Amino acid sequence: MNPLALARPELRSLEPYSSARMEARGGSILLNANESPWPPVGGGGWNRYPDPQPPELVRRLAALYGVASDSLLVGRGSDEGIDLLVRAFCRAGEDAVLVSPPTFGMYALCARVQGAGLVEAPLRDDFTLDVDAVLRAVTRAVKLIFVCAPNNPSGRGVPRAEILRLADGLNGRALLVVDEAYVEFVEAGAGTGSVADCVGELGNLVVLRTLSKAWALAGARVGALLADARVVALLRKLMSPYPLPTPSVDAALKAVSAEGEREMRVRVAAIREERARLGAALAGLGGAHAVLPSQANFVTVRFRDAGRVHAALLRAGVVVRDVRRYPGLHDALRITVGTPAENDRVLDVLRGIRTAAGAPVIAGSEVPA
Ligand SMILES: *Cc1c(COP(=O)(O)O)cnc(C)c1O
């Protein structure tokens with residue numbers, strides 16, 4: 001399947017903007033880009049425009065994710081990848097995006113901004129993905145299906161086999177975009193690992209990866225989109241000419257070095273351990289149904305009075321995410337797994353909360369004071 005058959009027809013023939021940096025190969029006296037010949041006050045070589053796709057970073061990320069270099073687009077976080085895909089594949093007023101709520105809000109927001117339609121095939125009550133419901137909901141207008149795996153805000157992992165079955169069912173009809181922002185945190189052997197290795201074989205599969213979570217680089221804004229090389233080439237035409245600031249590229253190269261990768265793995269293991277400890281402690285506070293199973297670096301928890309818990313945590317200086325606006329999560333808060341001391345603080349505050357009637361506010365069984 002040629003995935004470009006699904007793209008906006010007017011973009012297929014678009015000539016990309018040719019930036020000065022792209023033309024500069026080989027020269028040593030650079031007088032073609034109207035840059036300052038001197039570095040900025042304070043140092044750093046930032047007087048030069050950056051490479052649009054820094055080759056060293058592209059090569060390293062491609063090796064890390066197991067794809068060919070021409071199947072990888074590096075950009076300003078996954079958010080930019082989502083926006084580029086919607087702009088490239090959805091005509092305003094004609095095409096649509098499919099999402100499975102409750103899920104990450106950026107997919108629907110980008111669709112709205114683009115004037116694309118939004119089709120919903122909700123997750124099941126236990127937040128598992130309903131592949132058959134998604135396939136039934138795909139109309140001719142739907143060009144992109146977003147699956148967040150593991151899902152934000154529920155934390156649930158998505159079995160690889162289910163994702164591949166969905167990609168197969170969509171072949172020729174739409175692109176499947178799998179947002180793997182949290183995939184580094186999945187339990188080994190759970191069958192919910194990355195599908196990045198399938199990008200080479202499946203022309204309609206797109207995978208989004210980010211350095212914002214496990215790699216601790218949210219402030220640098222670096223993410224990668226993995227897709228058929230033709231999709232990558234198309235998206236480069238729409239992308240701004242110099243998407244990645246040089247300091248961000250430098251920070252990313254350090255973070256994903258061999259040493260950085262070792263440290264990342266140690267930290268991810270620590271977060272998984274803390275996730276289990278925090279989850280068990282929260283469940284112990286008020287009933288086993290309160291804590292949703294999570295494969296991400298957060299736990300989403302149902303409370304008898306989530307507003308009250310949110311306020312009490314805030315008073316103690318602890319900010320958690322109120323996710324009550326999401327369908328199926330009207331009583332829930334999402335708590336990012338922090339350091340052991342930070343997680344202890346959360347547990348201390350929760351242990352201290354009692355309702356006016358003297359009962360604990362955590363959903364489930366009563367616990368002694
Ligand atoms: C945090 C998050 C991202 C990361 O976005 P960046 O733009 O790379 O920082 C992507 N998708 C989901 C679902 C997220 O929760």
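Just so you know, all these numbers are worked out from the coordinates, no wet-lab data involved. Note that the structure is predicted; figures quoted are calculated from it, not measured. Virtual Cβ from ideal backbone geometry, glycine too; neighbours counted across all protein chains shown.
Determine the sum of side-chain charges near Lys237: Lys and Arg each +1, Asp and Glu each -1, restricted to other residues whose C-beta is under 13 angstrom from that of Lys237. Walk me through the intermediate numbers first.
Values: positive: Arg8, Arg12, Arg87, Arg230, Arg236; negative: Glu10, Glu15.
Summing Lys and Arg as +1 and Asp and Glu as -1 gives +3.
How many nm separate the modelled label positions at Met22 and Thr128, each set 7 Å beyond the Cα in the direction of the Cβ?
Spacing of the two 7 Å Cα→Cβ label points: 4.7 nm.
Once you keep just the Cα pairs under 8 angstrom separated by 6 or more residues, what percentage relative contact order results for the range 3-256?
Values: 466 pairs, mean separation 61.3, N = 254.
After rounding, I find 24 percent.
On a 0 to 90 degree scale, rounded to 10, what angle separates helix 306-315 from the longest Cα axis of the chain?
80 degrees
List the lysines whose Cα lies under 26 Å from the Cα of Lys143, skipping any in the same chain that are fewer than 8 positions away.
In chain and number order, the partners are Lys237.
When the chain is fully extended, how far beyond the present Cα-Cα distance does Ala33 get from Ala233, taking 0.36 nm per residue of separation? Don't skip to the answer; put the middle values down first.
Working: separation 200, 0.36 × 200 = 72.00 nm, distance 2.34 nm.
In short, 69.7 nm is gained.
Calculated FRET efficiency, Ser13 and Ala137, Cβ-Cβ r, R0 25 Å, to nearest 0.05? Intermediate values should be presented prior to the final figure.
On the way: r = 32 Å, r/R0 = 1.26.
Efficiency, from the Cβ-Cβ distance: 0.20.
From zero outward in steps of 20 Å, how is the percent of C-alpha pairs of the chain spread across the bins?
Once binned at 20 Å, the Cα pair distances of the chain give 27, 52, 19, 1.
Can you give me the long-range amide H partners of Thr210? Hydrogens built in the peptide plane at 1.01 Å from N, cutoff under 5 Å, separation of 5 or more residues or another chain.
Here Ala224 satisfy the definition.
Between the DSSP loop rule and a limit of at most 16 other Cβ atoms within 10 Å, which GluC sites (Glu not before Pro) in the range 135-197 are left? Intermediate values should be presented prior to the final figure.
Details: sites: Glu162, Glu180, Glu184, Glu187; in loops: Glu180, Glu187.
Of the GluC sites (Glu not before Pro), the ones in loops of the range 135-197 whose Cβ has at most 16 other Cβ atoms within 10 Å are Glu187.
Which trypsin sites (Lys or Arg not before Pro) in the range 232-305 pass both tests, a DSSP loop state and at most 15 other beta-carbon atoms within 10 Å?
Sparse-neighbourhood loop trypsin sites (Lys or Arg not before Pro): none present.
Which net charge results for the neighbourhood of Asp95, defined as the other residues with beta-carbon distances under 10 angstrom from its beta-carbon, given Lys and Arg at +1 and Asp and Glu at -1?
On the way: positive: Arg8, Arg91, Arg140, Lys143; negative: Glu94.
Net of charged neighbours comes to +3.
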